[in-house]
There are 2 protein chains.
Amino acid sequence: MQITKFSIPEIIFGRGALKYAALCAKRLGGEKPMVVSDPGLREAGWVSRLFDVLTSEGLQWCYYEDVVSNPRDTQVAHGALFYAEHKADVIIALGGGSPMDAAKGIAIVAGNGGRIHDYEGANRIHRPLPPMVFLPSTAGSGSDISQFAIITDTRRRLKMTIVSRTLVPNISIIDPVLLTTKPHHLVLAAAVDALAHAVESYVSIIASPFTEVQSLKAVEIIAKSLPRAAQEPSLPVLESLSIASTAAGMAFSNASLGADHALAHSLGGMFDVLHGEVHSVLLPAVMRFNAERALTKMAQIGKILTGKTWRNDRKAALAGIEWLENLFSSLGMKHRLRDLVPDSSHLPTVCRMASHDACLLTNPRPATWEDLLAICEEAW
Amino acid sequence: MQITKFSIPEIIFGRGALKYAALCAKRLGGEKPMVVSDPGLREAGWVSRLFDVLTSEGLQWCYYEDVVSNPRDTQVAHGALFYAEHKADVIIALGGGSPMDAAKGIAIVAGNGGRIHDYEGANRIHRPLPPMVFLPSTAGSGSDISQFAIITDTRRRLKMTIVSRTLVPNISIIDPVLLTTKPHHLVLAAAVDALAHAVESYVSIIASPFTEVQSLKAVEIIAKSLPRAAQEPSLPVLESLSIASTAAGMAFSNASLGADHALAHSLGGMFDVLHGEVHSVLLPAVMRFNAERALTKMAQIGKILTGKTWRNDRKAALAGIEWLENLFSSLGMKHRLRDLVPDSSHLPTVCRMASHDACLLTNPRPATWEDLLAICEEAW
């Protein structure tokens, strides 16, 4: 076994855990938190709930919400200026993957200067970041756990993958109650994102025993909870999905991802599609592409998904992929690429960009841009 | 589900990982590490290997090895003076549970002043500790992962349990090669300690999905690896035991332990017995005591240990306990309490002390000191 690293934030998990946000910020030395969130969270009342918690602990705060889905380099630059102007000293992100990734981008530029583009790739951040406390409002992105930040380069129309241990927030406060105000389709899309994290990290070429156990736990929980979430997203089900998303976050943060996420980043950068909606389209095709190269592991996933014992690894692996396709279809999720992007003429460009994504490096089967194009064509 | 916390150090795991010790110390701002180890590690050559690594990165170091098995309050006090006199700025522990716990005690007093006794119990440390990098040389204690430190109060002849999130080292460097020079019986004793961590944390009343998955993984690996380790402690087997010990450490650090460890601390404080040798004696009796109150979980452990499916939870639980007793016996481990302590007249005192141990608070079945005495009598 190669030398491996495993790094996760301190985690506070449970219903009502939002109330610890101020104490956590203070424990990290914060006196003036910058809160990063978005209009949806504000309208749902969570931002003001957070303000109340901060105020009651005597903290002054400033608030930044210029964040869209697939957060942009320009928003990061504005946010870093905002942080400096308000003399903030800790960053609290409240939201899904977009506010959390925006907050990471802001932390990078606030702590290191320059432009966010300077830090694209792996391990290019050399100075400390402001302390970060993250409160995820979706069970999927795993940004509250991971050392990844994905920021859109608006000029090049691509998503930059930034990876650094310093991007692991200091504390992740996971309060499943925040999910209760989330639109139903976003809950499901986030759960599929978490499933993709679990599957891709499990078959990653740098998976370790520390990540594999988390990947499989996440697959197991999501396979059970996703159909129930589709029926009725009760708090116990949302809590289960939060546990799974956290486990998947621990796994992919340390084992990285694969071709599905490389393509998802590329598609998201070019067409601004919702990240969570890409995986129901791409994941089965990517799993089929990888199956032969990671047959034992893919069979293990198949066994968990189908809940059956299989004597033949290939059959188990393929049964798992079919099980997923049927699930996505029964949930009414998009399952053809043509439902997501306007026309197929851009696919070669998408695939060329994806072939440079850091996530592709850990895919169990090496993939050229032509391989990726074949995957996209299968999913078309 | 109650609000739960999960906190672990950054982990660097693998053969040869010791070489990262200097870089880790420097990353934490260290310029003059204080190395805490013991004569056994020095004689095996590991201490000088570590010095070479530190020197080659331009670090000056100072060295402290006044540490015995079941480290003492007096050694902690001397160590804290040593840290101050040498103007050290980071603590590197290299060794088993004893040097690591001694290093934690030294860090507490170095950072907070006073005597180590001032911090007995939970959450009584209020000021920051020096950064800590730990290199475990046994796969068992979990001290490199956990928020626990156990220090002997020499006057009261008891082990003080100190619990604080600040006792989680910043970085744990787990290099299984360090285990190759460990005497065989110590490898086995440490593995049984890790197994006790896994079992007790799994049935703990504050176990969470984040700890349970680690507990079960540890049980599974140890059940497979311990018999192989008894035959031939090859590097792959030692690596597996290290993975299991790390997983068990993640679990018990966050879910705490139970009656077996409460008694082990009390026995260790009074008779200076080797901590790792207590569990083969006590764990089966404690599992029997707990079985009815945690039957589903104990059955799960039984299924993993025996590798069989059982329709009846009670039978599965008891079969697991028997499987363990047979294993310990076949390994030639001590399995009667009378083999460990001179005479039974002190047992009431041992059990009264154990009834105040913090670990007992999370045992699934409440236990009075008389209950503990009955357990000891069963194990006598």
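The values are calculated or read from the model by the stated rules, or taken from the named source; none is laboratory data. Remember, predicted model here, so these are calculated numbers, not experimental data. Here the Cβ positions follow ideal geometry from the backbone for every residue, glycine too, while neighbour counts run over all protein chains shown.
Can you find even one residue in the range A:190-202 that is more than 14 Å from chain B (Cβ to nearest Cβ) and on the phi > 0 side of the Ramachandran plot? No, there is no match, as no residue in the range A:190-202 is more than 14 Å from chain B (Cβ to nearest Cβ) and on the phi > 0 side of the Ramachandran plot. Here residue A:74 meets each of (1) within 14 Å of chain B (Cβ to nearest Cβ); (2) assigned to a helix (DSSP H, G or I) with one exception, condition (1).
Taking residue A:294 and the conditions (1) in a loop (DSSP other than H, G, I, E, B); (2) closer than 28 Å to residue A:147 by Cα, which numbered condition does it fall short on, given that it satisfies the others? The single condition residue A:294 does not satisfy is (1). Taking the range A:1-19 as the range and being touching a residue at least 60 places away in the same chain (Cβ under 8 Å) and more than 8 Å from chain B (Cβ to nearest Cβ) as the test, the residues that pass are A:9, A:18. For the range B:20-48, filtered to residues that are within 14 Å of chain A (Cβ to nearest Cβ) and outside any helix (DSSP H, G or I), the residue that is farthest from residue A:211 (Cα to Cα) is B:29.
If only residues of the range B:211-244 that are more than 9 Å from chain A (Cβ to nearest Cβ) and β-branched (Val, Ile, Thr) are counted, the one that is nearest to residue B:172 (Cα to Cα) is B:211. Could you say whether any residue in the range B:296-310 is touching a Phe, Trp or Tyr at 6+ places or on another chain (Cβ under 9 Å), farther than 30 Å from residue B:174 by Cα, more than 14 Å from chain A (Cβ to nearest Cβ) and modelled with pLDDT of 95 or more? Yes: one or more hits.
Just so you know, in the range B:305-363 the residues that are among the charged types (D, E, K, R), free of Cβ contacts under 8 Å to residues at least 60 places away in the same chain and in contact with a helix residue (DSSP H, G or I) (Cβ under 6 Å, 6 or more places away or on another chain) include one that is surrounded by the fewest Cβ atoms within 10 Å (Cβ to Cβ), and it is B:352. Filtering the range B:126-161 to residues that are farther than 18 Å from residue B:198 by Cα and touching a Pro at 6+ places or on another chain (Cβ under 7 Å) leaves B:132, B:133, B:134, B:151, B:152.
Residues in the range A:1-54 that are over 27 Å from residue A:165 (Cβ atoms) and of a type in the set (Gly, Ala, Ser): A:16, A:40, A:44, A:45, A:48.
Quick check on residue B:150: is it closer than 26 Å to residue B:263 by Cβ and out of contact with any strand residue (DSSP E or B) (no Cβ under 7 Å at 6 or more places or on another chain)? In short, no.
Just a yes or no: is a residue in the range B:245-255 more than 14 Å from chain A (Cβ to nearest Cβ) and either surrounded by fewer than 24 Cβ atoms within 10 Å (Cβ to Cβ) or under 15 Å from residue B:359 (Cβ atoms) (or both)? Scanning the range B:245-255 turns up at least one residue that is more than 14 Å from chain A (Cβ to nearest Cβ) and either surrounded by fewer than 24 Cβ atoms within 10 Å (Cβ to Cβ) or under 15 Å from residue B:359 (Cβ atoms) (or both).
Looking at the range A:200-221, is at least one residue touching a residue at least 24 places away in the same chain (Cβ under 8 Å), β-branched (Val, Ile, Thr) and over 30 Å from residue B:241 (Cβ atoms)? Checked the range A:200-221: no residue is touching a residue at least 24 places away in the same chain (Cβ under 8 Å), β-branched (Val, Ile, Thr) and over 30 Å from residue B:241 (Cβ atoms). Filter the range A:317-343 down to the residues that are part of a loop (DSSP other than H, G, I, E, B) and either more than 22 Å from the chain's Cα centre (by Cα) or closer than 15 Å to residue A:227 by Cα (or both) and list them by number. Within the range A:317-343, A:331, A:332, A:333, A:342, A:343 qualify. Considering the range B:120-170, the residues that are among the small types (Gly, Ala, Ser) and surrounded by fewer than 24 Cβ atoms within 10 Å (Cβ to Cβ) include one that is nearest to residue A:9 (Cα to Cα), namely B:164.
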